[in-house]
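Below is one structure, written out as structure tokens; comments come after it.
The values are calculated or read from the model by the stated rules, or taken from the named source; none is laboratory data. Every value quoted in this text rests on a predicted model; they were computed, and no experiment measured them. Reconstructed Cβ throughout: ideal geometry from the backbone, glycine too, with neighbour counts over all protein chains shown. In case anyone asks, the SASA skips ligands and DNA or RNA and just uses the protein heavy atoms, side chains included. Shrake-Rupley method; radii C 1.70, N 1.55, O 1.52, S 1.80 Å.
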Amino acid sequence: MSDLHSMIDRSRLPSHIAIIMDGNGRWARERGQDRVFGHYEGVVSVREIVDACGELGVQYLTLYAFSAENWNRPKAEVDALMELLVNTIRKEVDDLKKNNVKLHVIGDFASLPQICQQEMTEAMEITSMNTGLNLVLALSYSSRFELLQAARKIAEKVAAGALKPEDITEDDFQAGLDTHGFPDPELMIRTSGENRISNFLLYQLAYAELYFTPVHWPDFRKQNLYDALLDYQRRERRFGKTSEQIQKNIVPNV
Ligand code: IPE
Ligand code: IPE
Ligand code: MG
């Protein structure tokens, strides 16, 4: 096996990787198990990917752990997911602290069960002084809801006379997003073969490189992340310019 890790150019890493962790249910079903078994195994992948990102020096990792739409799943599965979340954070918080990982949460925090809010708040406090990887968990997250909230905040400022509609800038708008202060993801990974965004970071992913893999999340481990990063590094990010313009920027005076 070639050493994928050593092939990664550390000077050209994405500063922010966002992942839609999909396929836990199918992974479990393929093994004749309950869907929840797949969620448990998915936690092992989370640990590995957090570890790999910290070790590589990635600044931000956003994990889509529970969407606002996921509340519509059977109650038993939702309960199991919330319990898993609480237990995992409780178990991992010491290691997060030790590994210099700073925890953040985006999404409709108030809609989470009380115990979940408590546990997350505590873990965010415990890791608040850390300066390494920023681990962002998207919980009860809906990008449309986030955009609506941002629009409301702007409207309130306008209504209060603090801002004129014609003066609204992208920065003003972004200030109302949950991800305020985070760089936009340069790489978005979705596992399990679905080629869709599912209401995830619609604004922030405007120029992200999208990487879709058939691998189910519980099977997605460090080597799969390295594969995705190498794929990302083979791409030319043009931002509307021509390839020639980009090449010139890379090699000046040519
Ligand atoms: C992703 O796996 C985890 C969550 C959405 C919480 P799924 O549970 O969506 O797995 P599939 O897509 O049914 O296989
Ligand atoms: C998206 O996965 C949400 C998370 C990974 C948490 P889903 O599996 O719920 O997405 P859809 O509904 O199939 O698009
Ligand atoms: Mg799914």
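Quick notes on this one:
- Residues that are closer than 17 Å to residue 141 by Cβ and outside any helix (DSSP H, G or I) within the stretch 56-85 comprise 60, 61, 62, 63, 64, 65, 66, 67, 73, listed in sequence order.
- Failed item, numbered, when residue 45 is tested on (1) open to solvent by 40 Å² or more (accessible area, probe 1.4 Å); (2) farther than 23 Å from residue 146 by Cβ; (3) polar (S, T, N, Q): (1)
- Test: residue in the stretch 160-180 that is in contact with a helix residue (DSSP H, G or I) (Cβ under 6 Å, 6 or more places away or on another chain), more than 29 Å from residue 231 (Cα to Cα) and charged (D, E, K, R): no
- Screening 30, 41, 48 for residues that are touching a Pro at 6+ places or on another chain (Cβ under 6 Å) and either within 15 Å of ligand 1 (Cβ to nearest atom) or modelled with pLDDT of 95 or more (or both) leaves exactly one candidate, 41.
- Subset tally (residues that are touching a residue at least 40 places away in the same chain (Cβ under 8 Å), of a type in the set (A, V, I, L, M, F, W, C) and in contact with a strand residue (DSSP E or B) (Cβ under 8 Å, 6 or more places away or on another chain)) for the stretch 112-152: 6
- Scanning the stretch 29-48 for residues that are assigned to a helix (DSSP H, G or I) and either among the small types (Gly, Ala, Ser) or touching a strand residue (DSSP E or B) at 6+ places or on another chain (Cβ under 6 Å) (or both) turns up 38, 42, 45.
- Some residue of the stretch 31-40 being open to solvent by less than 40 Å² (accessible area, probe 1.4 Å) and either within 20 Å of the chain's Cα centre (by Cα) or away from ligand 3 (no atom under 16 Å from the Cβ) (or both): yes
One line per residue, one yes/no per condition, for (1) in contact with a strand residue (DSSP E or B) (Cβ under 6 Å, 6 or more places away or on another chain); (2) within 13 Å of ligand 2 (Cβ to nearest atom); (3) within 16 Å of residue 60 (Cβ to Cβ):
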position: 189; (1), (2), (3): yes, yes, yes
position: 194; (1), (2), (3): no, yes, no
position: 198; (1), (2), (3): no, yes, no
position: 203; (1), (2), (3): no, no, yes
position: 207; (1), (2), (3): no, no, yes
position: 212; (1), (2), (3): yes, yes, no
position: 215; (1), (2), (3): no, no, no
position: 219; (1), (2), (3): no, no, no
position: 226; (1), (2), (3): no, no, no
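- Number of residues in the stretch 10-28 that are within 11 Å of ligand 2 (Cβ to nearest atom), part of a helix (DSSP H, G or I) and buried (at least 23 other Cβ atoms within 10 Å of the Cβ): the value is 1.
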